[in-house]
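Here the structure is laid out as structure tokens; the discussion comes afterwards.
The values are calculated or read from the model by the stated rules, or taken from the named source; none is laboratory data. Not measured: the values here are computed from a predicted model. FYI the Cβ positions are ideal-geometry reconstructions off the backbone, even for glycines, and counts take in every protein chain you see. Areas reflect the complete protein model, heavy atoms only, side chains present, ligands, DNA and RNA absent. Shrake-Rupley method; radii C 1.70, N 1.55, O 1.52, S 1.80 Å.
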Amino acid sequence: MKNLRKIGLLALVAATYAMVAGGPFGLEQIVADNGYTGAILILCITPIFWAVPTALMVSEMASALPQTGGFYIWVRRTLGPFWGFQESWLTFTGSIFDMALYPILFSAYLAHLVPALGHGRIPLIVGILMICACVLMNLLGTNFVGQGTIVFVLLLLVPFGFLVWYGLSLPHQALVPLAFTKTDLMGGILIAMWNYMGWDNASTIAGDVKNARRAYSRAMLISVVVVVVTYIVPILAVAHAGIPLSAWETGSWVNIAGLLGGQRLALLMTAAGVLTALSTFNALVLSLSRLPYAMARDGFLPKVFAKENRRGAPWVAILVCAIFWGLATGLGFERTVMLDVLLTGLSILLEFAALIALRITEPLLPRPFRVAGGRVGLVFLVAPPAILIVIACARNHAERIGSVSALIVGLGIVLLGVIFYFLGIRSRTAA
């Protein structure tokens, strides 16, 4: 019965795709700032130095330690409880900035379809209802979410399939010079990093994946290919159709769809935006709710967070996480890409450290998938993401959140994680 709750390879690929991409939404600024050729180069180069190393790391670690909690378990086991706590803290605090975005996007795209839903407090109410719907789906178990995500992903990609068809079927237009017209290379890379993040999120549900030791390496390979293709091909089709760069701005996929396929395709693209917000949020609830569940089992959180319902869903963890994300939506937080990259990037570096530590401390541990090249291979795997994180930190220093540097805000969040860990140690000792 318990195995029936688990998801197979296809559902794992769909969930990974939803956690990482959810379609090409979010790439518009890269094209606007770097032109078609610049955007394509950025979207081709960034995964080589960022997404592929992370996916390979997840493949090896998930095959060696396929447990619920994923990257938290890896870091805690190899680097100790302090770093395990910091891993979860960085991931969860970063998620508050990120998860607040999806209900807002859901409401905004839905208001395009039904304008009456865009007035007053209705968008906020619609966003909260979306959160409630995702909670209900997650309470029905991992298999239900996995099968639903397959359907969501296929449906949201349909309008992009039509867009590619229309774009490539038109005679090539010479309206757009396919060269660097203007560039913000580092800004584009950082946005691409954000759009290529989330591979490790799929690891937290390893306990609910059939044949997890072998499934993860296959799922990561398929997902990387699908993400890269669904990012690049629609942009190539739009470039082929000769859509001017002036048409590109945040949220412009709907307008571009209208230019190529008319009002019907614009409406389909709007519906895809609704599904993207829903599927990504739903998949991330599945992933992130497993962190407090795993931490409760280790004694870092009250045991109530480890309670499961009949379908194996950690219902207390799901509900409490949803409350935090709902409050963030009510406060009107918008996505801060630089801060997301910083916090998530630091957590990914801890995961790479865990990969190296596990090779040293448990060299005989069975690994159905192993990154090739021995120690030299690990150096080449870890170096590119580490360099990109340093670049992200430098960029964060220049970005502002209000009157404060985004880097200072990020470091403050990191420091809070250290404080909360030792406060938790003291409270457990006193008890």
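Return the residues of the range 120-139 that are open to solvent by 70 Å² or more (accessible area, probe 1.4 Å) and either at pLDDT 95 or above or assigned to a helix (DSSP H, G or I) (or both); say none if nothing qualifies. Across the range 120-139, the qualifying residues are I125, L129, L136. Only one entry in V52, V75 is at pLDDT 90 or above and over 24 Å from R290 (Cβ atoms), namely V52. Only one of (1) crowded, with 21+ Cβ neighbours inside 10 Å; (2) at pLDDT 95 or above; (3) over 30 Å from I419 (Cα atoms) fails for L10. Which number is that? (1) is the only condition that L10 fails. Return yes or no: is P244 over 30 Å from G141 (Cβ atoms) and modelled with pLDDT of 95 or more? Considered against the rule, which asks whether it is over 30 Å from G141 (Cβ atoms) and modelled with pLDDT of 95 or more, P244 comes out as no.
In the range 67-76, the residue that is nearest to D200 (Cα to Cα) out of those that are open to solvent by 30 Å² or more (accessible area, probe 1.4 Å) and of a type outside the set (S, T, Y) is Q67. The residues on offer are L416, L388, and the sole one that is modelled with pLDDT of 90 or more and assigned to a helix (DSSP H, G or I) is L416.
Okay, residues lined up against (1) at pLDDT 95 or above; (2) out of contact with any Lys or Arg (no Cβ under 8 Å at 6 or more places or on another chain); (3) part of a loop (DSSP other than H, G, I, E, B); (4) of a type outside the set (A, V, I, L, M):
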| position | (1), (2), (3), (4) |
| --- | --- |
| A108 | no, yes, no, no |
| V153 | yes, yes, no, no |
| P159 | yes, yes, no, yes |
| V176 | no, yes, yes, no |
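Of note, V227 does not satisfy the criterion of being buried (at least 24 other Cβ atoms within 10 Å of the Cβ) and in contact with a Lys or Arg (Cβ under 8 Å, 6 or more places away or on another chain). Of L79, L117, L113, all but one fail to be within 19 Å of L381 (Cβ to Cβ) and open to solvent by 40 Å² or more (accessible area, probe 1.4 Å); the exception is L79. Being under 25 Å from M130 (Cα atoms) and either of a type in the set (F, W, Y) or in contact (Cβ under 8 Å) with a residue 60 or more places away in the chain (or both): is that true of A21 here? Considered against the rule, which asks whether it is under 25 Å from M130 (Cα atoms) and either of a type in the set (F, W, Y) or in contact (Cβ under 8 Å) with a residue 60 or more places away in the chain (or both), A21 comes out as yes.
Counting only residues that are open to solvent by 10 Å² or more (accessible area, probe 1.4 Å) and of a type outside the set (A, V, I, L, M), which one in the range 230-241 is farthest from M193 (Cα to Cα)? So, considering only residues that are open to solvent by 10 Å² or more (accessible area, probe 1.4 Å) and of a type outside the set (A, V, I, L, M), the one farthest from M193 (Cα to Cα) is H240.
Yes/no matrix, rows are residues, columns are (1) in contact with a Gly (Cβ under 7 Å, 6 or more places away or on another chain); (2) of a type in the set (V, I, T); (3) closer than 17 Å to Y36 by Cβ:
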| position | (1), (2), (3) |
| --- | --- |
| I232 | no, yes, yes |
| V238 | yes, yes, yes |
| G242 | no, no, yes |
| G251 | no, no, no |
| L268 | no, no, no |
| A271 | no, no, no |
| T280 | yes, yes, no |
| A283 | no, no, no |
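Residue pairs whose Cβ atoms lie under 9 Å apart, separated by 6 or more positions or on different chains, with the first residue in the range 237-258 and of a type in the set (F, W, Y) and the second open to solvent by 20 Å² or more (accessible area, probe 1.4 Å) and part of a helix (DSSP H, G or I), are W248/Q29; W248/D33. Is there a residue in the range 331-338 that is modelled with pLDDT under 80, of a type in the set (D, E, K, R) and farther than 29 Å from L65 by Cα? Yes, that holds for at least one residue.
Residues in the range 369-399 that are within 23 Å of A215 (Cα to Cα) and either loosely packed, with under 11 Cβ neighbours inside 10 Å or more than 25 Å from the chain's Cα centre (by Cα) (or both): 4 in all.
You will find that of A62, A39, A32, the residue that is buried (at least 24 other Cβ atoms within 10 Å of the Cβ), closer than 22 Å to A392 by Cα and not β-branched (V, I, T) is A39 and no other.
Please work out which residue is least open to solvent (accessible area, probe 1.4 Å), limiting yourself to the range 155-170 and to residues that are within 15 Å of V274 (Cβ to Cβ) and among the aliphatic types (A, V, I, L, M). My answer is L156.
Within the range 203-217, the set of residues being polar (S, T, N, Q) and either farther than 10 Å from A62 by Cα or surrounded by fewer than 24 Cβ atoms within 10 Å (Cβ to Cβ) (or both) comprises N211, S217.
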